[in-house]
Structure formats: C-alpha cells, structure tokens
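Written out below as structure tokens is the structure these notes cover.
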C-alpha cells in the first residue's frame, strides 16, 4: 500500500482546541481584521463566508453568523435570511469560478451529526464534480485539493465583488 501525505492536516490535528466556554474559532475570525490570513472571502451585516482551511474538496467554504450560536433557534429571522442570501452569493461565485457539476450544502448540528465546531453554527458549501468520488477518498481516505487556498480565496473574492 502506498502512503499519500496531506501535511496541511497536521496543523489542525495538533492545534490547541478552544474550550467550549470560550469564543469559537469562527468568533475569533469574525473579530479579526486579517481576512486574507483567515481566508474570509465575504462579509455582510450579520454573517461572513470563509474558505475551509482543511477542505474536503477544492472550494469548500462555510457561511457563518457573527453571533456564536449552536442552533437555528438562537438566530433572529434577519440573521437567518442574511445567511441564506450570502450562501446563494457564494454558491453562484463557486459556480462561476470553479464550474462544479453540483453542490453539497448543509450543516451539522450536534456531535452525533458530525459537527466539528459544536459551539458555532455554520453552513458548508462543497462544490462537487462528476466522478470526484474516486479511489482517493473512498479507499485512501484522502482528498486532492488541486489549487492553493489563497488562490481560490482571491478568485472567489473577485467573483463576489463583481456580483454586488
């Protein structure tokens, strides 16, 4: 069996995890001014969009409310609407920039549902291509991300700026 290396994942694995009684990584990113370093691609009144630093596939991003909540019921209606509108803008930007054949869009509420950051609701947008489920993720449990995250972020920022 051959080994494939994904050295960017070790940063996440070894990084200290924020205790749940503190600000989540998403709150820290929301409060930061360094959007380039944090891979933030868009900011709106009540939410922002950020590329996943440890993506399942190229272009995997998340739409996140500024307010740190664990469930939909903790958001006001205008905050839910803003999330959906930004989600649509991001999906359109991904479609323009990356030309996927489809998307997985969703969120995981609770640890048993697969939430990795329990304390801060966020919506995933994962572009998909016909045939992208091949031996790599199925047998090797490894994905191949063909473009640097900063390059993807720059392209998406441009596409989102044009759409406003």
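Read-outs throughout are calculated quantities, based only on the coordinates presented, and are distinct from any laboratory measurement. All values reported here derive from a predicted model rather than from experimental measurement. Cβ: placed from backbone, ideal geometry, glycine included. Neighbour counts: every protein chain shown.
Once the Cβ-Cβ distance between residue 31 and residue 128 is put in as r, and R0 is 30 Å, what FRET efficiency do you end up with, to the nearest 0.05?
According to the calculation, E is roughly 0.40.
Multiplying the sequence separation of residue 105 and residue 11 by 0.36 nm and subtracting their Cα-Cα distance, what value in nm do you get?
Values: separation 94, 0.36 × 94 = 33.84 nm, distance 2.55 nm.
Extra length available between residue 105 and residue 11 comes to 31.3 nm.
Based only on other Cβ atoms within 10 Å, what is the fewest-to-most ordering of 45, 96, 155?
45, 96, 155
Rounded to whole Å and ordered largest first, report the semi-axes of the equivalent ellipsoid of the stretch 22-163 derived from its Cα gyration tensor (root of 5λ).
Square roots of five times the eigenvalues give 23, 19, 14 Å.
Can you give the direction-averaged projected area of the convex hull of the alpha-carbon atoms in the stretch 62-115, in nm²?
Seen from a random direction, the Cα hull of the stretch 62-115 projects 4.4 nm² on average.
Just want to confirm a number: the relative contact order over the stretch 22-163, from Cα pairs under 8 angstrom separated by 6+ residues, in percent.
Relative CO of the stretch 22-163 lands at 29 percent.
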